[in-house]
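S.K.: Submitted below is the structure of interest, expressed as structure tokens.
The values are calculated or read from the model by the stated rules, or taken from the named source; none is laboratory data. What you are looking at is a predicted structure, and each value in this text was computed from that prediction instead of being measured. Note that each Cβ is placed from the backbone with ideal geometry, even for glycine, and that neighbours are counted across all protein chains shown.
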């Protein structure tokens with residue numbers, strides 16, 4: 001099903017991602033088209049859980065908002081609980097809060113319930129995409145502030161820059177886009193060759209006969 005070459009060339013679902021059609025205020029692509037397609041979503045979860053073999057965690061934490069989708073699905077696969085790390089002002093309980101700079105350059109605040117876990121709890125952090133790494137930095141600080149242990153970082157893609165290279169040196173970093181693949185090079189350039197032939201109908205959910 002794949003015409004790619006290079007390491008782990010079976011990640012056919014990556015070509016289903018949609019290009020940004022709304023301008024510079026938005027992320028440069030939309031991976032949610034993978035979630036819509038059942039075969040693609042489950043194939044991606046299969047790959048991520050296989051690559052997480054040997055990475056133990058006690059809870060999965062998903063970053064607001066799209067990290068909730070991927071994080072809760074992975075928590076279900078791994079048989080652990082799910083902890084949402086939210087944008088400020090959304091939680092009705094006591095919280096820890098940090099400020100961070102996101103991919104657009106804006107400074108935002110994120111919060112985590114307090115207390116969320118016992119000291120020493122292994123927390124797997126999940127976001128949809130890691131571009132500049134600022135959002136993930138905020139989540140790491142929240143977990144470590146409560147004496148949790150960052151078990152690893154997971155995303156569909158982790159772009160290459162000094163901050164994410166630092167993450168790779170400190171933590172297990174798992175992504176559907178495999179480092180060294182042509183997909184990684186295209187993500188780092190923030191353009192995918194598959195955009196040229198992108199067809200929204202190709203990602204429609206399969207319809208049952210009933």
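S.K.: Just to be sure I understand, how many residues within the stretch 11-28 are in contact with a helix residue (DSSP H, G or I) (Cβ under 8 Å, 6 or more places away or on another chain) and farther than 21 Å from residue 78 by Cα?
M.R.: So the first thing to find is which residues in the stretch 11-28 are in contact with a helix residue (DSSP H, G or I) (Cβ under 8 Å, 6 or more places away or on another chain), and the list is 11-19.
If we keep only those that are farther than 21 Å from residue 78 by Cα as well, we get 12-19.
Total satisfying the criteria: 8.
S.K.: Report whether or not residue 150 is modelled with pLDDT of 95 or more, on the phi < 0 side of the Ramachandran plot and in a helix (DSSP H, G or I). Spell out how you get there, then give the answer.
M.R.: Values: modelled with pLDDT of 95 or more: yes; on the phi < 0 side of the Ramachandran plot: yes; in a helix (DSSP H, G or I): no.
Answer is no for this residue.
S.K.: Separate question: Quick check on the stretch 131-149: of everything there that is within 21 Å of residue 80 (Cβ to Cβ) and within 15 Å of the chain's Cα centre (by Cα), which residue is surrounded by the fewest Cβ atoms within 10 Å (Cβ to Cβ)?
M.R.: Among residues in the stretch 131-149 that are within 21 Å of residue 80 (Cβ to Cβ) and within 15 Å of the chain's Cα centre (by Cα), the one surrounded by the fewest Cβ atoms within 10 Å (Cβ to Cβ) is 140.
S.K.: Moving on to the next point. For residue 123, indicate whether it is in a loop (DSSP other than H, G, I, E, B), under 15 Å from the mean Cα position of the chain (by Cα) and touching a residue at least 24 places away in the same chain (Cβ under 8 Å). Give the steps one after another, and end with the answer.
M.R.: On the way: in a loop (DSSP other than H, G, I, E, B): no; under 15 Å from the mean Cα position of the chain (by Cα): yes; touching a residue at least 24 places away in the same chain (Cβ under 8 Å): yes.
Against the criterion (in a loop (DSSP other than H, G, I, E, B), under 15 Å from the mean Cα position of the chain (by Cα) and touching a residue at least 24 places away in the same chain (Cβ under 8 Å)), residue 123 does not qualify.
S.K.: Also: Scan the stretch 67-93 for residues that are at pLDDT 95 or above, more than 16 Å from residue 116 (Cα to Cα) and assigned to a loop (DSSP other than H, G, I, E, B) and jot them down.
M.R.: Answer for the stretch 67-93, where residues must be at pLDDT 95 or above, more than 16 Å from residue 116 (Cα to Cα) and assigned to a loop (DSSP other than H, G, I, E, B): just 79.
S.K.: Output the number of residues of the stretch 166-187 satisfying the condition of being loosely packed, with under 15 Cβ neighbours inside 10 Å and in a helix (DSSP H, G or I).
M.R.: The number of residues fulfilling the criteria is 5.
S.K.: In the stretch 167-196, how many residues are touching a residue at least 24 places away in the same chain (Cβ under 8 Å), farther than 24 Å from residue 23 by Cβ and more than 16 Å from the chain's Cα centre (by Cα)?
M.R.: Of the residues in the stretch 167-196, 3 are touching a residue at least 24 places away in the same chain (Cβ under 8 Å), farther than 24 Å from residue 23 by Cβ and more than 16 Å from the chain's Cα centre (by Cα).
S.K.: Can you tell me which residue is nearest to residue 70 (Cα to Cα) among those in the stretch 153-165 that are in contact (Cβ under 8 Å) with a residue 24 or more places away in the chain and part of a helix (DSSP H, G or I)?
M.R.: My answer is 164.
S.K.: What is the number of the single condition among (1) under 18 Å from the mean Cα position of the chain (by Cα); (2) at pLDDT below 95; (3) over 19 Å from residue 136 (Cβ atoms) that residue 64 does not meet?
M.R.: Only one criterion in (1) under 18 Å from the mean Cα position of the chain (by Cα); (2) at pLDDT below 95; (3) over 19 Å from residue 136 (Cβ atoms) is unmet by residue 64, namely (3).
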